[in-house]
Amino acid sequence: MRVVDLFAGCGGMSLGFALAGFDILAAFDNWQPACLVYQANFTHPIHCVDLAEPESLELLQTYTFDVLIGGPPCQDFSSAGKRDETLGRADLTLTFANIVAQFQPRYFVMENVPRIIHTNTLMLSKQKLKSAGYGLSEQVLLASLCGVPQDRKRYFLLGELGGDDTTMIPYLKKHLADKPMTVFDYLGNALNTNYYYRHPRNYSRRAIYSVHEPSPTIRGVNRPIPKGYQGHPLDASPLTD
């Protein structure tokens with residue numbers, strides 16, 4: 001099936017669909033650094049444009065696709081953000097729903113943070129998609145049960161044009177692991193350590209993790225262990241390895 005990735009970021013969803021055998025025709029995003037990373041890793045086009053602008057939809061119209069995928073920005077929903085739907089980025093979830101409703105692909109897949117479940121934005125988006133004729137399936141998946149050694153949850157909303165609600169949920173659950181994948185399960189002895197430090201957002205949170213558990217969310221910034229770090233009751237172990 002032919003796929004176009006909206007709000008593609010650096011290409012995580014594109015890569016997953018490509019590895020699953022889908023034909024990725026193109027991607028769209030509006031953040032230049034992400035577009036450059038995407039361009040360096042894929043041979044198909046990445047269009048660095050604002051999907052809220054009519055000219056972008058004219059460009060999208062040049063492609064013939066069966067599936068639209070995308071991860072609209074999550075900052076306005078995320079527990080790491082301000083959790084304020086009025087800041088603007090939440091509107092792009094509605095933009096995704098409007099594009100799907102307008103172009104009527106056979107299927108769509110949208111992903112976001114689990115907190116989106118409780119938002120007015122998602123409710124309005126689902127109403128738009130239902131009115132456009134889509135059967136909807138939604139599920140929160142844990143990465144460590146999906147072959148990734150990370151304790152990270154993501155919300156997925158799938159739609160089939162003319163389909164029934166919930167029909168895709170069995171496919172989402174079909175290959176889930178029985179137990180979480182750990183860092184050691186994935187990397188073995190390659191790290192040559194049993195424990196590692198991940199700097200917390202504040203010292204009310206743990207900072208030392210075992211390789212025999214899934215990793216916490218990977219952040220773009222880390223730092224060495226501060227001198228005099230006092231530890232946390234939930235730390236896996238003192239860093240003696």
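As a fraction of the 1.4 Å probe accessible area of the chain, surface on carbon and sulfur atoms comes out at 53 percent. Ordered from largest to smallest accessible area (heavy atoms of protein chains, 1.4 Å probe), the residues Thr121, Thr166 come out as Thr166, Thr121.
Starting from the residue with the highest accessible area, list Val37, Val100 in decreasing order, probe 1.4 Å. Let's see the in-between values first.
Working: Val37 65, Val100 0 Å².
In descending accessible area the options line up as Val37, Val100.
In order along region 52-68, the phi-based Karplus estimate (6.51 cos²θ - 1.76 cosθ + 1.60, θ = phi - 60°) of 3J(HN,Hα) comes to 7, 9, x, 4, 5, 5, 5, 5, 4, 5, 6, 9, 10, 9, 9, 9, 10 Hz; Gly and Pro are listed as x. Helix 32-41 and the longest principal axis of the C-alpha atoms of the chain enclose an angle of approximately 90°.
Distance between the modelled labels on Ser131 and Thr43, one decimal in nanometres: 4.3 nm (7 Å Cα→Cβ projection). Comparing Cα centroids, region 188-223 and region 92-170 end up 31 angstrom apart. Placing pseudo-labels 7 Å out from each Cα toward the beta carbon at Tyr197 and Lys174 gives an inter-label distance of 4.6 nm. Our summary of shape: the Cα atoms of the chain have principal axis extents of 58, 37, 36 Å, ordered from largest down, in whole angstrom.
Applying the Karplus relation 6.51 cos²θ - 1.76 cosθ + 1.60 with θ = phi - 60° to region 112-126 yields 3J(HN,Hα) values of 6, 6, x, 5, 4, 4, 9, 9, 5, 4, 5, 4, 5, 5, 5 Hz, where x marks Gly and Pro. Rolled with a 1.4 Å probe across the full set of protein chains, the surface gives Ile46 an accessible area near 30 Å².
Take the Cβ-Cβ distance between Ala52 and Thr167 as r, set R0 to 30 Å, and report the resulting FRET efficiency rounded to the nearest 0.05. It comes out at approximately 0.45.
Which chymotrypsin sites (Phe, Trp or Tyr not before Pro) in region 166-241 pass both tests, a DSSP loop state and at most 13 other beta-carbon atoms within 10 Å? Could you put the intermediate results ahead of the total?
Details: sites: Tyr171, Phe184, Tyr186, Tyr195, Tyr196, Tyr197, Tyr203, Tyr209, Tyr229; in loops: Tyr203, Tyr229.
Filter output for region 166-241: Tyr203.
The HN-Hα couplings worked out from phi for region 13-20 by the Karplus form 6.51 cos²θ - 1.76 cosθ + 1.60 (θ = phi - 60°) are 5, 4, 4, x, 5, 5, 5, 7 Hz, whole numbers, x standing for Gly and Pro.
Surface exposure of the chain, expressed per residue as accessible area with a 1.4 Å probe, stands at 56 Å². Proximity of backbone amide H atoms, modeled 1.01 Å from N, is registered between Arg152 and Ala143, Ser144 at under 5 Å, excluding neighbours fewer than 5 places apart on the same chain. How fast does region 130-230 diffuse by Stokes-Einstein, in µm²/s, taking the Kirkwood radius from C-alpha pairs at 20 °C and 1.002 mPa s? The Stokes-Einstein estimate is 132 µm²/s. Here Cys35 sits with roughly 10 square angstrom of accessible surface, probe radius 1.4 Å.
Here's how it looks for Val113: its modeled amide H is under 5 Å from those of Tyr155, which are all 5 or more places away or on a different chain.
The values are calculated or read from the model by the stated rules, or taken from the named source; none is laboratory data. Please read all numbers here as calculations on a predicted model, not as lab measurements. Backbone-built Cβ (ideal geometry, glycine too); neighbour counts: all protein chains shown. Just so you know, the surface numbers come from the protein's heavy atoms only, side chains and all, with ligands and any DNA or RNA stripped out. Shrake-Rupley method; radii C 1.70, N 1.55, O 1.52, S 1.80 Å.
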